[in-house]
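Enquirer: Starting off with a structure, shown below.
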Amino acid sequence: MGFLRKFFILLFSLIFVIFCPLIVLYALGYLFKPGQEQGIVKTGLIFASTVPAGAEVRLNGKPLEKPTPNLMIDLVPGDYQVELNLPGYRTWSEVLPVEAGKATVVDKILLVPQSYQTEVLAEGELRTLTAFDKGTRLLLTSSEKVSGLAVLDLKSGVEAPLLAGSAALAEKRFSRFFTSPESPYVILEIESGGSGTQYYRVNASQPGTEIKDLTALISSRPEQILWSSAAEDRIFLRSRTALDRIDLDRKTADAGFLNGIRGVDFFEKGVYALMEDHKLLRREDGGNDHKPLSKDTELIRNLLGEKTPVEIKVFARDLIFFRTQDGRLISNRLPYTHAESGITGLDYYGGPFLIGPRRVLAWGPSSIGILDFRKVPSEKEIFEKGVRLAWIYRQGSAIRQAFWVYDATHVLFLDGDEIFLLEMEGFGKARISAVTRVRKGSSVHYSEETGRVYFLDPKRDALAAIEILPKRRMQFPFPDFKEERKESGLREV
């Protein structure tokens, strides 16, 4: 009996000595790796989440019990083939790397339908569509008469005439209209024959109910009419290098608010202007004092050249972009010059409530690139290089528009008369999917709020929409682990 007791004590002690460290190592994320390179290795994990959720997950060809969102743990470092399948959608497949003690995260996978479904929103011979009011409304034109102007509210889906109930103006012809990206107002320029040119401001959020005659305040035909959503009671008239200010409440005009300008933009309640003398100014739109933003006029001269017009985009107080007539792209951030020529458009993503990661989308006729201001400069380099423009797509022929989709993880773009979706979520090359064709020469609009792209359908002769990002999507953020998170990088092509 004493012998058996000693035997079992020794046996359990031996089991404890052998297996207890293994249990502790496993709890800490270590496993025994068999084979030629056998030994104890620290494991990693993969987290995959899709929209829509519920896709079957296959890891190296083996189906897993849990659909997406799925956390695959205890993975020995190496490459893994991950395949996601959901009925009615195309298969998503990618080889994902796993590193010891790190998480490989692909939590913004947007599954592409086998075929996109088109919904007709408005019938009629529509000519153009223009997005405004933070992208929540579309101004539709069907003729040169004021009665041919309509507003579609993308939130409610309700379409209404811009000037409902105004019979006196309905049959007149408009020559131009002006909108501001963040504002619900539309300003119409109407040719009235013997009465000359007239100007009216309409509140599109209340069609037909708020119409203001601005004709007496505008003495000559401007090249542009501009205003900020932060101060909608003041508008600005630009004629070549001069900017005049009109106070609608006081009904006063301030000629020569700024003279000698090359470019202008609005941010919050400030007017940002690049001057012909190479100064960059910020002036309160309701005040008379201006603040120089840079004293280095020689640097601005070298970057932007002499006196030619320049487009300014103020995305934040500390992030300002300049685009010259030949498409040279410059910002106030190193390395200053991001593209020597060919850039025709920009789109900005500032994250939820403008406090998240900042990315700028830039495109030209054949290429799409990204400036990612989330990246932290390498500690190995003593000289800061700044943010480089990474080209993610170079096979375009006539790219005219581009939009961020799904928190800046995808790009929707119009190339010629066809819409494409470009996916960047993954570790391989970006995927591209054809969405639909549009009427020749027409523009499109994508709304992140509705998850839909709006366009003029060439087959139905109507305004139509296609859902790109499911409206009732559920987001499954990556859990907060102590392991270092491995971000999916942009693969430059």
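Please treat every number below as a calculation from the coordinates, not as lab data. Here the structure is a predicted model, which means the values were calculated and not measured. When we count neighbours, we look across all protein chains shown, and the Cβ atoms used for this are built from the backbone with ideal geometry, even at glycine.
Enquirer: Would you mind calculating the gained length between E306 and A164 on full extension (0.36 nm times residue separation, minus the Cα-Cα distance), in nm to one decimal? Numbers along the way, then the final one.
Expert: Numbers: separation 142, 0.36 × 142 = 51.12 nm, distance 4.72 nm.
Gain on stretching E306 to A164: 46.4 nm.
Enquirer: With the cut-off at 32 Å, tell me which of the pairs K134/K212; K42/K385; K134/K440; K385/K429; K108/K134; K212/K459 have Cα atoms farther apart than that.
Expert: Details: K134/K212 22 Å; K42/K385 34 Å; K134/K440 26 Å; K385/K429 25 Å; K108/K134 24 Å; K212/K459 39 Å.
In this structure, K42/K385; K212/K459 lie more than 32 Å apart at Cα.
Enquirer: Looking at segment 246-379, how many pairs of lysines come closer than 24 Å at the Cα, when each pair is eight or more places apart or spans two chains?
Expert: Counting lysine pairs in segment 246-379 gives 14.
Enquirer: Further question on the same structure: Once the Cβ-Cβ distance between E182 and D74 is put in as r, and R0 is 45 Å, what FRET efficiency do you end up with, to the nearest 0.05? Spell out each step's value before the answer.
Expert: Values: r = 49 Å, r/R0 = 1.09.
E(calc), rounded to 0.05, equals 0.40.
Enquirer: May I pose another question? Would you mind computing, in nm to one decimal, how far apart the modelled labels at Q224 and T130 are, each placed 7 Å from Cα along Cα→Cβ?
Expert: Roughly 1.4 nm, to one decimal.
Enquirer: Name the GluC sites (Glu not before Pro) in segment 276-310 that are in a loop by DSSP and that have at most 10 other C-beta atoms within 10 Å, would you? Provide the component values of the computation, followed by the final result.
Expert: On the way: sites: E276, E284, E298, E306; in loops: E276, E306.
Those that pass, being in a loop and sparsely packed, are E306.
Enquirer: Which order do the peptides 131-143, 210-222 come out in when sorted by mean C-beta neighbours inside 10 angstrom, highest first? All intermediate terms of the calculation are to be shown ahead of the outcome.
Expert: On the way: 131-143: 19.4, 210-222: 14.3.
The packing order, highest mean first, is 131-143, 210-222.
Enquirer: Starting from the Cα-Cα distance between L248 and L299, subtract it from 0.36 nm times their residue separation and give me the gain in nm to one decimal.
Expert: Values: separation 51, 0.36 × 51 = 18.36 nm, distance 3.80 nm.
Gain in length upon complete extension: 14.6 nm.
Enquirer: Label points 7 Å out from Cα along the Cβ direction at D213 and D233: separation in nm?
Expert: 2.2 nm
Enquirer: Run the quick spin-label model on D277 and N85: label points 7 Å from Cα toward the beta carbon, then report their separation in nm to one decimal.
Expert: About 7.1 nm, to one decimal.
Enquirer: Which of rounded, prolate, oblate describes segment 212-266, given a ≥ b ≥ c as roots of the alpha-carbon gyration tensor eigenvalues and a/c under 1.5 marking rounded, otherwise prolate only if a/b is larger than b/c? Don't skip to the answer; put the middle values down first.
Expert: Numbers: a/c = 1.83, a/b = 1.31, b/c = 1.40.
In terms of gyration-tensor shape, oblate.
Enquirer: Give the peptides 116-126, 237-247 in descending order of average Cβ contacts within 10 Å, highest first. Mind dumping the intermediate values first?
Expert: Values: 116-126: 14.4, 237-247: 17.6.
For the peptides 116-126, 237-247, the packing ranking is 237-247, 116-126.
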